[in-house]
Structures are given as C-alpha cells and as structure tokens.
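A.B. asks: Here it is, the structure, as structure tokens.
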Amino acid sequence: MATNQQQVLISPAELAYLHASLSLSPEPIRPDGRSSTQFRPLVAETDILPGTNGSARICFADGSEAIVGVKVEVEKTKPKAGAMINPEEGKEEKGDTGVEGGGGFDDDKKNYSNDWVELAVDIPGHRDDDPGTAFLGNMILEALLEDGELVKRLRINSRFHWKMYLDVLLISQPLSYPLPLLSLTTHLALLSTRLPCLISEGDEDPMFDDDWAASTNLYPPRGEKSKLSTSRPPITLLVMSVGHSILFDPTYEELAVADAVLAVSVSEEPTKPVPQDTIATPKQAKDRALRLLSIRSIDPPSRITPPGVPNGLNPATNGEVAGLQPKHAEARTAEVPATEGVWKAPRGGVSRSVLSAMVFKALEKGGVADEVLDGLQGVEMASEILE
Amino acid sequence: MLAPAKPINCPLASCLAWSACPTKKFTNCSDSELSLFRLPPSAPVTTPSTDTINRFDLYLRATSVLDSVFSHSPARNVAMPLDTSTYSMALLRVDGRRWNELRRLHAQIRTQSASDGSSYLEMGHTKVLCVVTGPTEKLASQRMASSSSSSLLDVNISIAGFSSVDRKRPSRTDKRVSEMAFTVQQSLNKAVHAAIFPNSTISISLTVLSQDGSLLASLFNAATLALVDAGIPMSDYVTACTSGSTSSYAAADDAADPLLDLNRQEEQELPFLTVATLGGSDRVCALVCESRVQVSRLEGMLAVGVDGCKQVRTLLDRVIRERGAKMIEEGAIARGDVVGAGDEMDTEED
C-alpha cells in the first residue's frame, strides 16, 4: 500500500482497542459508528467541466475529494492482424451472448483493443510513476477492460474508433486508501460522458453533428431507447477483514488493524438491448444480476513491519540477525497466543472461508454493490432532472 | 525515401516533398503523415505545378477529412487566427470586453474539509483548485533537499490532462510548470511571515482544471486565497493579473492600447505579461514576460496590470469577508474575534 502513509501514527494500545472493537461479533463497532456494510456519506456531482466529454466529482465526508475528466479523440483503428484480439477478450466475447443479438456490430470485424482506453491517476505528493499510483490506476482500468462493455462502445466503424483518456485526480491528501473513491468517481464520469452524434454511415470517414445538444450518452440512461445494452460501468469496492468481521469502505484507522484487504470489482450482467419500439422501465435493484470481474489483494499497513523493530524480533527475517545466533527464540515460533489489550500484528494467511465470505457479501442480492449502484444511479437521475 | 521528417508549414513545400516520393499513395499513409498536411485555413494558396496537381488535390482532401475528424471536441474553438484589426473599429475585444475590463472572477474558499486551507478560483474559463497542508514539520528528506534554501513553502502544480482543448499527457518534467511553481513559491515566500515557522513546511498543491489564459495569475490568486483560509500570517494579499498590448511586436503601431486580463486566444496572438503585486500597493513582487514587446509599450502595460491587481484584490477580499461573515452567522467563530475591522486585513487568526 505505497500510496498510503507507510508509518501508522497510532499507538499500540489504540491499535489493540480498535482491533478488539472491530472483531466483535455479531456486529463490529466501528470508530465512526457505521455498520459493517455502510459507506461513508458522500457528495457527488457530474458534468462539472464543460471542456470535457464527461466529468464527475465526489467528496467523502472525511474530506477526501476526487475529480475525473474524460476526453475522447477519433483515432484510426490499426488494421486487423492475427494477434489483434487478445485471448481474454476473445474468451469474453464467447461468454456473453446478451449483446450479440442487437449490438449492431459485424461479427467478423470485432477488432477491439484494450489500447483504446488510457487512464492516468494523479495523487498529490506522489510521482505518477510511483508503483502504488500505477497499481491503483491499473486496478481501476483492469475492471473497465475486463467488463468489455466500455471498449465495445468506443467503436465507430471498422476503420475508426474513439480513443478515451480518463484522468483521475485526487485533490485531497490520500487519507485512506483512495481506491473506492476513485473508482466511484470514474463510474460517474463515464455515466455522464457524451459522444458527438455520428452522421456518416458504415465505414465512411466519420462525420459528426456539430450540435453538442445532439450528442449521445456513452452509457444511455435507463428507460431510453437504445441499441446498446443497458449495462453500467463497473465499480471497485474495498473490503477488509478483522478476525471474522467483514467491513466495507475502511478508513485509515481501520486499515491499520486489517487482517486482509481485497479490492473486488463488480459489474452488472449485461442484459439484452431494449428493442427500438418499447421503452423499458428503469431497472430495480431486485432484477439486477451482478458479476465478479476481478479480485486483488492489497497489503494493509498492518502487514508492514513498523520502523525500529530489530531483525532479531522481526518475523519477516525469521528472527535471524546476520552472522549471529538468534537471541529471541520466540520470534521464530509461528504463533504466540494473543494477550488481551496488547496489539499484535497479524501473521500468517487468512482462512479461505473468510475470503469467500468477503466476496459473497459484496456480490449478494441487496448487498453493498447493489446499494452503491443504486446510490450512483440516483446521482445520475438527479443530474438529468437538473438538465 | 524523402518523406518529410517534421511538419512543414508551406503547402508548396509539402507538395514538393510528396512529389519526391511518387510511389506513396494517400490511402496507405499513416496518421502522423496525414497530420503534416494540416495547415491553417489562412495559408496562401499557391498554384501547384502540373506534376504535383493530383497530390495537391489529395492534400486538400486530407485537410477537409481531418478537419471533420478533429472538430468533434465539445469546447473546440474554430482555429481561426484572431483578427486584432477589428479592435480599432469598435474598441471591443474578441469576447466583447473593453480594454480595461477583467473577466468574471469567481472564487470560493474552504472548498475541502480535509485540508488546512483550500480555495477554488475561476478567472473567465481558467479554473484552479488549491489545497494547502501545513504548517507541518519538515521531513528529514525535505530538510536535506532544501538545506541551502530554507524555504517555507512547497508549491506543487499539476495540470490536468483534460484542461486544454486537446488532451495532453501531464509530464513531471515540464520545465514551464516547474518555472511557474518556482515563481509562485518565491513571490509568496516574501509575503508570508516565514520567521514564525522555523523548521516547518507548508505545502501548496494547485490543480488546473481548465485553461483559458492568465494561468500564472490564477495560480497566484488561488494560492493566496488558500493561504488566507489556512490562517497563515501574511503581510497582505498577493494578487496577480495579466496585461497585453493590442498589436504585435512587429506592427509598428503607435496607437496600441494596453489590454487587461487576456484570454487564451489573445495570449496566443499578442504580447503580454503577468504581474503580481502585494496588496493594494504598487509593490510588484513578480513580473513575468515571455513575449517580445516594445519597450515604449511596457510602461502602459505595467500600469494597467498593476491597476488590475488592485481590482483583483478587492474581489478576493470580498470573498474572504463574505466567508468570514458567514462563519460568524453560523457560529463557527465568536463575534468578538473579528480581525481587521478597517480597510486593512493584515493577518488572519486561526
């Protein structure tokens, strides 16, 4: 977790207290009084920058703030070569049959490329080639590409496509791990993205309508007639476990005592496109099918050896000091029974049942992902009303 | 192969370059080669020789195709050169302002709750966010790096890739950006009472969301507002604006008027300078001019710029006072704590 502060400025006694209250069952007690699946309250707005194709801003209640701007350019598609379609994409294509029916794409000309989307993350005080920043950006991009829906929407014809640039800016200092914030902001920015209306036909050189009012949404709003499927951009959630309790959207203090942290990317199962003559009713949470796109495990600060620990006591070095006999034999023993009120960094792995419960809780019907997608849909609808 | 290696701006030259490689066809040249043929619409049409006439047609086709391809961007202006000669007719600028008028200046402070100070500033369509963190203890690494210059402020500018018309990949090593950061840091350092904070650092991070001229001036103004919001004692506001001249260097036009607060279109065409002053005084603390300008016009430009800075100070001061009044209304601070009841608002108490 390189984008977070490496050193945790919380005393061992506080850590022990946090750990004890977070691992309470059945319902853990979080420092800010939230329930285990509750997100921090947030303020969101879309279409904030008229110079972009789509933009969004989200502020969490703790003050962390992010802005995402989307720009697109027309680019010539590279002529189809044998190695053009990468294996995952080919597999993905076979997997979903929902879009095939009325997607309007010729089956033999599917030369989508993951290069069509570029994502840059900017975090204050961090270089853009910092490994933590790059990892963060790739996690968001991975979900977008794995979903496959975004790249399909960027195709113009067999010779041209839209090249999309996503610029993700974190405005505040990274207080907690900013992944959920950046992912939700990206989701909203993509929902507000508009592309100029195409007036040329077939494989002609693309011509566009000058009228910006005639532009079309990249992700058409629910209930609108469209030949595209009604899927939404994916979101990435941060889930952590302490003992047997599973917490969503952890704060900085909570991450300091985490056993395991997972980034779970979720998207909706794409449905059949809405026929041109009927208008579908907006989808409700109950008939939304979620699918898992990716899981990444992230090293929490609790797994990083704090500074000032001698090698003789460090489990990472197995208690060995170069050229000396280990003085502290207890560092070599795998597990020391925990003492009440004394903080002990987690050692060893996390049981498989906990990991599967973490993913299940994110994906279950009426679970966190459902709730978040509903909330974001609310932002989208509110901005439409304002227009 | 004699294909041109760099953009050529003369249509005839590019035609000749094409005629030198007769095997090459328009249909299988790549994008980068096509872009060589993008010319400003005002480029003089020369009569091509009979040998090159077909390729000249191709060039025309290429430009028209590309113009349609590239004109999709929502905020794209038509790439017409600014016709400054119209100014003398009605004494109105391209956006309808008179010579001494500022663009709309909108500012907010305390936009972000997690930081010590924050601000958002719009000067026309230039939009800048500023976040101040500190004063904090200098880290060991910072102490080592800045042992020679004991600077209190640490200015960091990031220009968003989507801020200009064409998307630009932000680069860390952009010399222009680091120079702007240095200018802001040096000028603000003089206004801040640095002696109060030994061994500390205040980090100012500026994010440019949209660019339409007067960028450096907006950075100055946003940073000043955020520093005031953070409660850093300063001797006065540091305010900045740009000023230019209505005719270019080459035109020996004696009747050139100075202009205040240039937008991007004007900046590209006319000589301009950025001036920052300390408070309502005439004390200039930064003056940046990167274009060729005749010395006789400099005095007028500077006078207009300094006057613009005074106007900006009044506007920024109003923003701060309105926010302060609102905080008293909300009960965030006690009524008795009002600082600087008179005209001068020297310091802000935390």
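A.B. asks: Rank by packing, highest mean first: peptides B:260-270, A:180-190, with packing defined as the count of other Cβ atoms within 10 Å averaged across residues.
C.D. replies: Per-residue mean Cβ counts within 10 Å order the peptides as A:180-190, B:260-270.
A.B. asks: Could you give me D for the range B:244-329, from Stokes-Einstein at 20 °C and 1.002 mPa s, where the hydrodynamic radius is the Kirkwood radius over C-alpha pairs? Units µm² s⁻¹, please.
C.D. replies: In µm²/s, the coefficient rounds to 150.
A.B. asks: How far, in nm, would the chain grow between A:Asp374 and A:Ser23 when pulled straight, counting 0.36 nm per residue and subtracting the alpha carbon separation?
C.D. replies: Numbers: separation 351, 0.36 × 351 = 126.36 nm, distance 2.88 nm.
Gain in length upon complete extension: 123.5 nm.
A.B. asks: What length, rounded to one decimal in nm, is gained on full extension from B:Asn156 through to B:Ala195, with 0.36 nm per residue of separation minus their alpha-carbon distance?
C.D. replies: Length gained between B:Asn156 and B:Ala195: 11.8 nm.
A.B. asks: Ok, one more. Got a sec? Which residues in the range A:361-380 would a label at A:Leu292 touch, if it sits 7 Å along Cα→Cβ and we count backbone N under 20 Å?
C.D. replies: Residues A:361-373 fall inside that zone.
A.B. asks: Another question about this same structure. Report P(r) for the range B:94-330: all Cα-Cα distances, bin width 5 Å, range 0 to the bin holding the largest distance, values in whole percent.
C.D. replies: Per 5 Å bin, starting at 0, the Cα pair percentages come out as 1, 7, 14, 18, 19, 16, 12, 8, 4, 2, 1, 0.
A.B. asks: Between A:Ala357 and A:Asp130, with labels modelled 7 Å along Cα→Cβ, what's the label distance in nm to one decimal, could you check?
C.D. replies: Using points 7 Å along Cα→Cβ, the separation is 3.4 nm.
A.B. asks: Also: Give the calculated FRET efficiency between A:Leu198 and B:Phe182 to the nearest 0.05, with a Förster radius of 45 Å applied to their Cβ-Cβ distance.
C.D. replies: After rounding to 0.05, the efficiency reads 0.45.
A.B. asks: Oh, and also: Under a point spin-label approximation (7 Å from Cα along Cα-to-Cβ), what is the B:Ala303-A:Val43 distance to one decimal in nm?
C.D. replies: Here the modelled spin labels are 4.5 nm apart.
A.B. asks: Which of the residue pairs A:Lys71/A:Lys361; A:Lys344/B:Lys138; A:Lys71/B:Lys127; B:Lys127/B:Lys168; B:Lys127/B:Lys190; A:Lys76/A:Lys152 have a Cα-Cα distance greater than 23 Å in the structure shown?
C.D. replies: With Cα atoms farther than 23 Å apart: A:Lys71/A:Lys361; A:Lys344/B:Lys138; B:Lys127/B:Lys190.
A.B. asks: Can you work out the FRET efficiency for the pair A:Ala382 and B:Ser171, with r the C-beta to C-beta distance and R0 = 41 Å, to the nearest 0.05? Spell out each step's value before the answer.
C.D. replies: Details: r = 37 Å, r/R0 = 0.90.
My answer for the efficiency is 0.65.
A.B. asks: Continuing with the same structure: Among A:Met164, A:Met139, what is the fewest-to-most ranking by other Cβ atoms within 10 Å?
C.D. replies: With the sparsest Cβ surroundings first, the list reads A:Met139, A:Met164.
A.B. asks: Calculate, in whole percent, how much of the Cα-Cα pair population of the range B:133-243 lies beyond 22 Å.
C.D. replies: 35
Computed from the coordinates by the stated procedures, all read-outs in this text should not be read as laboratory data. Given the structure is predicted, the values throughout are model-derived calculations rather than measurements. Don't worry about glycine lacking a Cβ; one is built from the backbone with ideal geometry, like all the others, and counts go over all protein chains shown.
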